[in-house]
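S.K.: Before I ask anything, here is the structure I am working with.
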Amino acid sequence: MTTLQPPAAATRPPTPPPAKRDRRSWTGWGFIGPFAVVFAFVFLAPIAYSIYLSLFRTQLIGGTTFVGLDNYQQALQDHQFWDSLARVSLFLLVQVPIMLGIALLVALALDSGRLYGKDFFRISIFLPYAVPAVVATLMWGFMYGTRFGLVSDINDAFGVSLPNPLGPDLILASIGNIVTWEFVGYNMLIFYSTLRVIPHSLYEAAQIDGAGQIRVITAIKLPAIRGALVIATIFSIIGTFQLFNEPSILQKLAPNSITTDYTPNYYTYSLSFSGQQNNYSATVAIVMGVITMVIAYVVQLRGMRKGA
Amino acid sequence: MHMNPRRLLRGLALVSALALGATACGGSDDSGSSSKPVSAKDVDAALKKGGNLTVWAWEPTLKQVAADFEKEHPAVHVNLVNAGTGNDQYKALQNAISAKKGVPDVAQIEYYALGQYALTKGLDDLTPYGADKLASKYSPGPLNAVKAGTKNIYALPMDSGPMALFYNKKVFDKYKIKVPTTWDEYLTAARALHKADPKAYIANDTGDAGETTSLLWQAGSRPYKVDGTKVTINFSDAGAKKYTAVWQKLLDEKLLAPISGWTDDWYKGLGDGTIATLATGAWMPANFATGVKGASGDWRAAPLPAWTAGDKASAENGGSSLALPTLGKNKELAYAFAEYANAGKGVQTRLKAGAFPATTADLQSSTFQNTEFPYFGGQKANKIFADSAANVASDWSYLPYQVYANSIFNDTVGKAYVSGTKLTAGLQSWQDASVKYGNEQGFTVQK
């Protein structure tokens with residue numbers, strides 16, 4: 001009688017899990033299988049292989065040896081690498097705000113509805129993006145030429161002597177100009193498409209409140225495209241850190257202005273294709289990848305927090 | 001569908017591991033190259049037996065040589081592959097050697113790039129094949145080059161580029177400028193020409209490693225000393241000072257056209273008098289005839305200006321050889337082909353097609369020396385080239401990693417062409433970068 005009766009619920013033996021549970025269902029894996037295979041081969045395997053490569057060193061004399069993290073240590077002290085990173089960082093700080101600013105202005109202008117020939121304007125701004133980077137760079141390279149092309153023609157026609165856009169002092173700005181030309185349209189399209197999905201009722205409410213165009217832009221449009229702005233900024237950061245086509249093509253036209261370690265990507269390319277230092281090249285690529293990821297991630301975190 | 005994903009994943013892991021493993025091992029270069037002599041009998045037997053021979057070369061005249069060789073030895077099939085010109089082919093060859101797969105039996109290698117392969121045991125020493133018996137056939141420059149700083153012979157010289165000064169006679173006549181015989185006169189001529197016509201320059205130069213090293217060679221500078229894996233690099237000897245003294249003035253006074261070689265602008269400049277001279281190898285005439293057709297009759301050849309009046313020293317610019325990669329097969333056939341092309345009947349075939357010989361007998365033969373060049377207004381230019389070939393100082397050596405060093409020439413010396421950096425400072429930083437790379441690659445490099 002005094003026996004303490006445990007709560008009924010506890011006495012009840014736990015319901016045995018359904019028999020099926022014992023054999024885990026693999027159906028889900030079957031669905032992601034094809035993706036997993038492709039992902040493993042084209043994404044994970046190259047990264048794994050690069051990391052593997054970066055642990056070795058192959059010398060013309062002495063062959064291949066395992067060196068552990070020596071290559072990473074070398075990369076962290078490699079002034080050629082840090083100089084090139086500083087160069088693209090400078091590029092990032094100057095060129096990206098200019099490019100995004102122009103793209104934003106154009107997007108707002110298109111969205112304002114006050115533009116005549118809007119469709120034509122939009123497509124012509126976007127068109128440079130459709131030109132392959134190699135072609136665009138060649139085209140601009142010929143225009144920059146002081147012995148041929150536009151700059152030389154202007155010099156001849158007006159009897160002036162413009163500074164050489166392919167000279168060592170101006171070459172970075174010249175590359176910035178090409179990249180801006182190429183990507184304003186692309187960024188404009190991101191901004192513009194975001195602007196188009198703002199509910200029209202907000203504009204009507206603003207109108208009722210007596211807000212002018214400027215107020216509409218600062219209070220409605222800009223907050224609405226903050227997300228797009230962050231995305232565009234991240235794309236631009238990645239694009240800038242990966243700068244390669246423009247300098248490598250202009251190098252042929254201005255061999256003494258662009259060094260083979262001009263940007264981090266160009267440096268890794270030179271290391272493996274001229275210097276046969278594939279291992280070190282892989283190391284630099286990994287370090288650069290990590291740096292890019294960290295910066296992009298920080299920008300994303302900050303951008304999103306402000307938006308919240 | 002019933003599929004065992006665990007097995008799938010395991011298989012996947014296995015495949016990836018295999019893929020990694022397959023590419024991972026490629027380094028050790030201890031492939032035993034036999035050093036026992038190969039007799040002429042062995043070669044004959046191999047030729048009779050026949051087989052396939054893979055030759056990597058971009059030299060156009062070899063096509064006919066290969067066809068003739070096959071005709072003479074019907075059992076042999078020559079597979080002539082153009083694996084790229086110069087640097088592109090070296091990359092492919094280096095990759096093939098690293099992978100130990102797809103290595104050609106015979107490869108064309110330029111003199112300046114030979115050291116890299118010779119020192120890393122990538123090429124067979126041809127002495128056991130009897131190449132030492134051919135040595136006396138070749139002029140000193142190319143012969144020294146194929147030894148790559150050793151006593152062995154790593155390749156058979158195919159052509160050579162003894163330097164000469166090509167000049168646009170029309171331009172010199174128009175402004176009544178004397179054709180320079182020394183580099184000091186060259187500087188004077190450069191000033192006079194640019195003053196007379198601000199659009200005309202004595203030469204084009206945007207920094208060319210091959211040109212600079214050749215002129216240093218001629219000036220008596222020996223920046224590279226190679227003894228096995230011990231290397232010394234020094235760009236501050238007396239010869240280098242002679243070169244920088246003249247070239248710095250040419251740069252400072254902007255007397256060199258900022259046009260890179262082999263560009264459209266360059267061909268145009270050679271044709272219209274913008275570029276008045278070109279100091280380069282004797283292989284140039286064929287390029288003039290095809291690339292600068294419009295200026296036919298305007299140009300002449302002259303001996304390379306001297307660094308001190310009366311000095312006849314010359315240098316080589318360009319030229320290449322045929323070598324036998326260690327990992328290639330069919331060694332006897334390969335050597336037979338290289339010998340046929342570069343010391344046998346192939347030489348005449350290639351000369352007829354416009355190649356410039358490396359063989360002394362051909363350089364000295366009267367038919368060769370008396371050949372009139374219609375492009376040069378009927379000038380017997382080969383006399384000048386043959387003299388130059390005989391006067392090439394033969395103690396020059398390139399770096400065992402000259403291909404890489406040349407690729408960073410514009411990063412370092414190039415600064416002197418576009419900014420206030422002095423040429424000596426540029427050469428100094430080229431030296432430093434080359435020393436650094438050499439040490440990283442396992443050489444013992446000193447300044």
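S.K.: For the protein assembly as shown, give the magnitude of the charge dipole about the Cα centre (Cβ charges: +1 Lys/Arg, -1 Asp/Glu; no others), in debye to the nearest 20.
M.R.: Values: 66 positive and 55 negative charges, 383 e Å.
Dipole size: approximately 1840 debye.
S.K.: Sticking with this structure for a sec: Under a plain spin-label model, where a point goes 7 Å from the Cα along Cα-to-Cβ, how far apart in nm are A:Asp156 and B:Gln364?
M.R.: Calculated label separation equals 5.3 nm.
S.K.: Right, here's the next one. Using amide H atoms built in the peptide plane, which far-off residues or other-chain residues are under 5 Å from B:Val76 H to H?
M.R.: B:Gly51
S.K.: Mean residue ellipticity at 222 nm from the helices of chain B, using -39,500 (n - 2.57) per DSSP H segment of n ≥ 4 over the full residue count, to the nearest 500 deg cm²/dmol? Walk me through the numbers before you get to the answer.
M.R.: Working: 21 runs with 203 residues, N = 447.
Helices in chain B give a 222 nm mean residue ellipticity of -13000 deg cm²/dmol.
S.K.: Let me ask you something else. For the charge dipole of chain A, defined by +1 on Lys and Arg C-beta atoms and -1 on Asp and Glu C-beta atoms about the Cα centroid, which residue among A:Gln73, A:Tyr280, A:Val294 has the Cα displaced farthest towards the positive pole?
M.R.: A:Val294
S.K.: Rg/Rh for the protein assembly as shown to two decimals, with Rh computed the Kirkwood way over all alpha-carbon pairs. Don't skip to the end; give the middle numbers.
M.R.: Details: Rg = 32.8 Å, Rh = 30.5 Å.
Across the protein assembly as shown, the Cα-based Rg/Rh ratio is 1.08.
S.K.: Something else now. From the phi angles alone, apply the Karplus equation (6.51, -1.76, 1.60; θ = phi - 60°) to segment A:287-299 and give each ³J(HN,Hα) in whole Hz, x where the residue is Gly or Pro.
M.R.: 4, 5, x, 5, 4, 4, 4, 4, 5, 4, 5, 4, 4
S.K.: Excluding same-chain residues fewer than 8 positions from B:Lys345, which lysines have a Cα within less than 26 Å of its Cα?
M.R.: B:Lys41, B:Lys48, B:Lys49, B:Lys63, B:Lys71, B:Lys133, B:Lys137, B:Lys147, B:Lys329, B:Lys331, B:Lys380, B:Lys383
S.K.: Please list 3J(HN,Hα) in residue order for segment B:354-366, calculated via the Karplus relation 6.51 cos²θ - 1.76 cosθ + 1.60 where θ = phi - 60°; whole Hz, with x for glycine and proline.
M.R.: For segment B:354-366, the Karplus curve yields x, 6, 9, x, 10, 9, 4, 4, 6, 4, 8, 5, 5 Hz.
S.K.: Output the 0 to 90 degree angle, nearest 10, between the alpha-carbon long axis of helix A:264-273 and the longest principal axis computed from the alpha carbons of chain A.
M.R.: Helix A:264-273 sits roughly 90 degrees off the main axis of chain A.
S.K.: Can you spot the aspartates and glutamates whose alpha carbon is less than 15 Å from B:Lys254's alpha carbon? Ignore those fewer than 8 places along the same chain.
M.R.: Cα-Cα hits under 15 Å: B:Asp197, B:Asp205.
S.K.: Still on this structure, please answer the following. What is the magnitude of the charge dipole of chain B about its Cα centre, with +1 placed on the Cβ of each Lys and Arg, -1 on the Cβ of each Asp and Glu, and no other charges, expressed in debye to the nearest 20? The partial results should precede the final answer.
M.R.: Values: 47 positive and 41 negative charges, 83 e Å.
That gives a dipole near 400 debye.
S.K.: Given N residues in segment B:247-377, what is Rg(Cα) / (2.2 N^0.38 Å)? Walk me through the intermediate numbers first.
M.R.: Numbers: Rg = 18.7 Å, N = 131, 2.2 N^0.38 = 14.0 Å.
Relative to the 2.2 N^0.38 Å estimate, segment B:247-377 comes out at 1.33.
S.K.: Taking +1 at the Cβ of each Lys and Arg and -1 at the Cβ of each Asp and Glu, which of A:Ile123, B:Gln446, B:Gly328 sits farthest along the dipole of the protein assembly as shown towards its positive end, judged by Cα position relative to the Cα centre?
M.R.: Projecting each Cα onto the dipole axis, the largest value belongs to A:Ile123.
S.K.: Could you tell me how far the Cα centroid of segment A:183-198 sits from the Cα centroid of segment B:128-144, in Å?
M.R.: First find each Cα centre; the distance between them is then 70 Å.
S.K.: Could you compute the longest span of chain B free of GluC sites (Glu not before Pro) located in DSSP loops and having at most 14 other Cβ atoms within 10 Å, not counting the site residues? Don't skip to the answer; put the middle values down first.
M.R.: On the way: sites that count: B:Glu253, B:Glu372.
Result for the longest clean stretch: B:1-252.
S.K.: Show the residues, 5+ positions off or on another chain, whose built amide H is closer than 5 Å to the amide H of B:Ala306.
M.R.: The list, which skips near neighbours in sequence, is B:Thr182, B:Trp183.
S.K.: In whole Hz, what ³J(HN,Hα) sequence does segment A:252-257 give by Karplus (6.51, -1.76, 1.60; θ = phi - 60°), x for Gly and Pro?
M.R.: Each residue's phi maps through the Karplus curve to give 5, 8, 10, x, 9, 8 Hz.
S.K.: Oh, and also: Among the lysines, which fall within straight-line cross-link reach of A:Lys118, defined as a Cα-Cα distance under 25 Å, with same-chain neighbours fewer than 8 residues apart omitted?
M.R.: Result set, ordered by chain and number: A:Lys221.
S.K.: On alpha-carbon atoms, Rg over Rh for segment A:73-307 using Kirkwood Rh?
M.R.: Numbers: Rg = 20.9 Å, Rh = 20.0 Å.
Over the Cα atoms of segment A:73-307, Rg/Rh equals 1.05.
Bear in mind these aren't lab numbers, they're just calculated from the coordinates by the rules spelled out. Source: prediction; values computed, not measured. When we count neighbours, we look across all protein chains shown, and the Cβ atoms used for this are built from the backbone with ideal geometry, even at glycine.
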